[in-house]
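Colleague: Please see the structure below; I have some questions.
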Amino acid sequence: MAMPGHASSRPVPKEEEEEDPLDARIGRTGCAERHRELQQCMAEQRDWRQCQPQLRAFRDCMASRQTRHP
């Protein structure tokens, strides 16, 4: 059940959906695929310790992006 003030229970039509600002920022880095892999692992494992390879890959991707575009 949604918390008051958060997402409603009614379905949101596609045209009303807005991209999450964080997802948009990650998408611009070129690391979106690594982020999706990490999210998928976390959803499946429910334990971040089991997702260390995905976490490292995402971290390394983001770090390389920062060194190229500080």
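A short reminder: the numbers here are calculations on the coordinates, not readings from a lab. Quantities reported herein were computed from a predicted structural model and do not represent experimental measurements. Cβ: placed from backbone, ideal geometry, glycine included. Neighbour counts: every protein chain shown.
Colleague: Efficiency by 1/(1 + (r/R0)^6): what FRET value for Gln50 and Glu18, r their Cβ-Cβ distance, R0 = 25 Å, to the nearest 0.05? Write out the running numbers ahead of the final one.
Modeller: Details: r = 32 Å, r/R0 = 1.27.
With R0 = 25 Å, the Cβ-Cβ based efficiency is 0.20.
Colleague: Could you state the orientation-averaged shadow area of the convex hull built on the Cα atoms of the stretch 16-59, in nm² to one decimal?
Modeller: On the way: hull surface 14.1 nm².
So the mean shadow area of the Cα hull is 3.5 nm².
Colleague: Please give the residues of the stretch 18-33, grouped as numeric ranges, whose backbone N is less than 18 Å from a label point set 7 Å along the Cα-to-Cβ vector of Met62.
Modeller: 20-33
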